[in-house]
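Written out below as structure tokens is the structure these notes cover.
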């Protein structure tokens, strides 16, 4: 036993006093520390880089979101504009179709188109009031002539026709059927003369020598043809 302790003690003393062993331990410990420090620095660098990448990615995503919202807003605005224009075009097409059907119907019924009006020249002679009522029943009224062009158009048809002009309410105060006063006149020379005191309604007489002097006042109870007028595009 004593011999064993003596050997252990001797070995221990030898190890403790061996300079190579101490140097080896210190060197190993230093290298391990430097390796650990290097790993720590690498890890910190990786974390910093990862943080920068995340920041850049977040900035990019934010920019994309802003651009997307702007583009989406512009797209929605353009879409709304296109839908509005489409609705307007549909409305215009519907109106045109209605006008075409309206015109086709009236052409079939014998109406003539001029300017912004339709005209119907009757084929049955009636009194001024009867002619007026016939026009009203067809959605029109006796013609109101308010331009030289319209006067010339009317004079393109043969016959003696009642027009929508009278002084029934007040003698000498000629008014159209819509209540407007007479402003443009195409009376025959010497007319209106209220011959016999009972000529309160106006007729269109065809005077070939001067078509701009073709109106005459006549008794409202006489039988004549009539000219109806209505707006072409209600």
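The values are calculated or read from the model by the stated rules, or taken from the named source; none is laboratory data. Please read all numbers here as calculations on a predicted model, not as lab measurements. Here the Cβ positions follow ideal geometry from the backbone for every residue, glycine too, while neighbour counts run over all protein chains shown.
Please tell me if residue 106 is in a strand (DSSP E or B), under 35 Å from the mean Cα position of the chain (by Cα) and surrounded by 10 or more Cβ atoms within 10 Å (Cβ to Cβ).
Numbers: in a strand (DSSP E or B): no; under 35 Å from the mean Cα position of the chain (by Cα): yes; surrounded by 10 or more Cβ atoms within 10 Å (Cβ to Cβ): yes.
Judged against the criteria, residue 106 is not a match.
When we screen 101, 58 for residues that are out of contact with any strand residue (DSSP E or B) (no Cβ under 7 Å at 6 or more places or on another chain), farther than 27 Å from residue 135 by Cβ and either surrounded by 10 or more Cβ atoms within 10 Å (Cβ to Cβ) or touching a residue at least 60 places away in the same chain (Cβ under 8 Å) (or both), the only hit is 58.
Here are some residues: 83, 43, 64. Which one is over 30 Å from residue 231 (Cα atoms) and at pLDDT 85 or above?
Only one candidate passes the filter, namely 83.
This table checks each residue for (1) touching a helix residue (DSSP H, G or I) at 6+ places or on another chain (Cβ under 7 Å); (2) under 23 Å from residue 112 (Cβ atoms); (3) surrounded by fewer than 20 Cβ atoms within 10 Å (Cβ to Cβ).
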residue	(1), (2), (3)
189	no, no, yes
193	no, no, yes
201	yes, yes, no
217	no, no, no
221	no, no, yes
228	yes, yes, no
231	no, yes, yes
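Across the stretch 110-152, what is the number of residues that are in contact with a helix residue (DSSP H, G or I) (Cβ under 8 Å, 6 or more places away or on another chain) and over 12 Å from residue 229 (Cα atoms)? Residues flagged as in contact with a helix residue (DSSP H, G or I) (Cβ under 8 Å, 6 or more places away or on another chain) and over 12 Å from residue 229 (Cα atoms) within the stretch 110-152 amount to 1.
With respect to being in contact with a strand residue (DSSP E or B) (Cβ under 8 Å, 6 or more places away or on another chain) and exposed (fewer than 15 other Cβ atoms within 10 Å of the Cβ), residue 134 falls outside the description.
Considering only the stretch 168-184, state which residues are touching a residue at least 40 places away in the same chain (Cβ under 8 Å) and either in contact with a helix residue (DSSP H, G or I) (Cβ under 6 Å, 6 or more places away or on another chain) or surrounded by 15 or more Cβ atoms within 10 Å (Cβ to Cβ) (or both). Working first, answer last.
Step one: list which residues in the stretch 168-184 are touching a residue at least 40 places away in the same chain (Cβ under 8 Å), which gives 168, 177.
The one that is touching a residue at least 40 places away in the same chain (Cβ under 8 Å) and either in contact with a helix residue (DSSP H, G or I) (Cβ under 6 Å, 6 or more places away or on another chain) or surrounded by 15 or more Cβ atoms within 10 Å (Cβ to Cβ) (or both): 177.
Condition check for residue 161 on (1) in contact with a strand residue (DSSP E or B) (Cβ under 6 Å, 6 or more places away or on another chain); (2) more than 19 Å from residue 109 (Cβ to Cβ); (3) modelled with pLDDT of 95 or more: one failure, at (2).
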